[in-house]
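Please read the structure below before turning to the comments.
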Amino acid sequence: MWDARAVDLFCGAGGLTFGLETAGITVAEGVDIDERCRHPYEKHTSARFVQMNILGYKSDAILNAWNGCDFKILVGCAPCQPYSTYSQKSTGKKIGRWSLIRRFATLVDEAEPDIVSMENVPPLKKTSEYLALMAQLEKSGYSISDVIVDCRAYGVPQRRRRLVMLASRLGPISMIPGSFTDPASWRDVRSTIGHLAQLHAGEIHEEDPLHRTSRLSETNLRRIRYSTPGGTWRDWPETLRSPCHRKKTGKTYSGVYGRMEWGKSSPTITGQCFGYGNGRFGHPSQDRALSLREAALLQTFPADYEFFDKEERFPGIAPLGRLIGNAVPPDLGKAIGKSIVQHINESISQNDIVM
C-alpha cells in the first residue's frame with residue numbers, strides 16, 4: 001500500500017484534517033496561529049499540532065513531516081475574511097488583502113509537493129493572489145482543477161458554496177462528484193439538530209457543555225418572538241426595528257435577525273454563528289440563537305467533537321464560535337480526501353507504479 005502524507009496549513013480546529021483522515025490519508029502535521037485549536041485538533045486527529053504564524057513556518061518543517069513518504073500532499077484553507085463577500089459588504093469597502101495566500105504559494109514552490117489542495121470562498125478565484133498561485137503551479141508542471149462546489153451535494157446541510165482547488169504533478173486531477181445530487185436528498189436543519197434538547201437563551205445543557213447559547217437582551221427576545229422561520233426583521237413591529245434598518249441604506253440587509261427553517265438547509269455557518277443578530281442564526285422554533293453544538297453539527301463535526309478541554313476554564317462562546325464557523329466542514333474535507341485517494345490510485349494504475 002502506498003504512503004501519502006499531508007501537511008495542513010491553517011488547520012484550525014481540524015475539520016479538513018479530520019475529513020482527510022476519514023478518507024484514508026495520513027496527516028502528519030497541522031499548523032495554525034491560534035493555540036485554542038490544539039485541544040480539538042489533537043483530541044480528534046492523529047496529527048500533531050504546531051502553533052505558529054504561517055509567515056514564520058519553514059518549508060524544511062514540511063519536508064521533515066513528509067519524511068520520505070511516497071506521495072507528498074500540502075493542503076490549506078487560509079482565513080477567508082479578506083475575500084468574503086459578507087465581510088466586504090459589512091464594512092462598505094474593499095478589505096485589504098493579506099499575504100497568507102502568497103505565503104502558501106511560497107511554501108508550495110519551496111517544498112514541491114506532489115499534490116496541492118486549497119479550499120476557500122468563491123471570490124478568491126478573481127484575486128491577483130490566487131491568479132498568481134495558479135500561474136506558478138502551471139509553470140511548475142502541475143495539472144490544475146478548480147471548481148466552485150455546492151456543499152449540500154457532499155452532505156453538508158448548509159447553503160454553502162466553496163472554491164476547491166486541486167493540483168497534481170502526477171497528472172489530471174479533479175474533485176469527485178457529490179453523492180447528494182438531487183435537492184430532495186439534501187440534509188436539512190431538522191434532521192441535523194432537531195433531536196437536541198431544548199434550551200433557553202443563555203442556557204447550558206448539563207450533559208453537553210458545547211450545547212449552550214448566547215444570552216439575548218430583552219429587546220432581542222421580543223424581536224425573535226416576532227420572527228418567523230425564513231422571515232426577516234420586516235416582520236417585526238416598527239418599534240422593534242433597529243435605527244439602521246429604518247434608513248434607506250439598511251433596508252437591503254434582510255439576512256440578519258432571522259430564523260432558520262426546519263425543512264431546509266441552514267445558511268452558511270460563519271464565525272459569528274452564535275449571534276442572533278449576525279445572520280439567519282435564530283433557532284427555527286426556540287427563542288434563541290444556535291447553540292455551539294448545533295453549529296458544529298451543521299458543520300458536520302461528529303456529535304462528540306470537543307472544542308475545548310472540559311477540565312479547563314471555558315474559553316467563551318465567541319472564540320469557540322469562530323473555531324467552529326471558520327472550519328472546513330469535515331464532510332467536505334472527506335470528499336477532498338477521497339478525490340486525492342482516487343487520483344493516486346488511478347495514477348498508480350495508469351503508470352504501472354509498484355509500491
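The values are calculated or read from the model by the stated rules, or taken from the named source; none is laboratory data. Values in this document were obtained by computation on a predicted structure and should not be read as measured data. Neighbour counts are summed over all protein chains in view; Cβ atoms, including those assigned to glycine, are modelled from backbone coordinates with ideal geometry. What goes into the accessible areas is simple: the full protein's heavy atoms, side chains included, and nothing from ligands, DNA or RNA. Shrake-Rupley method; radii C 1.70, N 1.55, O 1.52, S 1.80 Å.
Before moving on, here are some points about what is shown:
- Only one of the numbered conditions (1) open to solvent by 50 Å² or more (accessible area, probe 1.4 Å); (2) in a helix (DSSP H, G or I) is violated by R313, and that is (2).
- Residue in segment 228-238 that is open to solvent by 70 Å² or more (accessible area, probe 1.4 Å), farther than 24 Å from L298 by Cα and at pLDDT 95 or above present: no
- Residue match in segment 176-198 (condition: within 30 Å of T106 (Cβ to Cβ) and either outside any helix (DSSP H, G or I) or open to solvent by 10 Å² or more (accessible area, probe 1.4 Å) (or both)): yes
- Scanning segment 312-334 for residues that are closer than 14 Å to A78 by Cα and of a type in the set (V, I, T) gives a single hit, V328.
- When M1 is tested against (1) at pLDDT below 95; (2) in contact with a helix residue (DSSP H, G or I) (Cβ under 8 Å, 6 or more places away or on another chain); (3) surrounded by fewer than 19 Cβ atoms within 10 Å (Cβ to Cβ), only condition (2) is not met.
- Positions within segment 257-308 being more than 22 Å from E35 (Cα to Cα) and without any contact (Cβ under 8 Å) to a residue 12 or more places away in the chain, in sequence order: A303
- In segment 173-191, the residues that are more than 13 Å from P157 (Cα to Cα) form Cβ pairs under 7 Å with partners that are among the charged types (D, E, K, R), at six or more places apart or across chains, as follows: I176/K338.
- Where G282 falls short, out of the listed (1) modelled with pLDDT under 95; (2) buried (at least 24 other Cβ atoms within 10 Å of the Cβ): (1)
- Test set (1) surrounded by 21 or more Cβ atoms within 10 Å (Cβ to Cβ); (2) farther than 26 Å from A303 by Cα; (3) of a type in the set (K, R) - R160 fails condition number: (2)
- Residue within segment 240-263 that is among the small types (G, A, S) and modelled with pLDDT of 95 or more present: yes
- Being open to solvent by less than 10 Å² (accessible area, probe 1.4 Å) and under 22 Å from L20 (Cα atoms) is a description that does not apply to I144.
- Some residue of segment 332-352 being more than 26 Å from V164 (Cβ to Cβ) and either modelled with pLDDT under 95 or β-branched (V, I, T) (or both): yes
- Qualifying residue in segment 320-341 (condition: buried (at least 24 other Cβ atoms within 10 Å of the Cβ), touching a Leu at 6+ places or on another chain (Cβ under 6 Å), of a type in the set (A, V, I, L, M) and in a loop (DSSP other than H, G, I, E, B)): yes
- Per-region count, segment 68-92, residues closer than 30 Å to M1 by Cβ, open to solvent by 20 Å² or more (accessible area, probe 1.4 Å) and modelled with pLDDT under 95: 1
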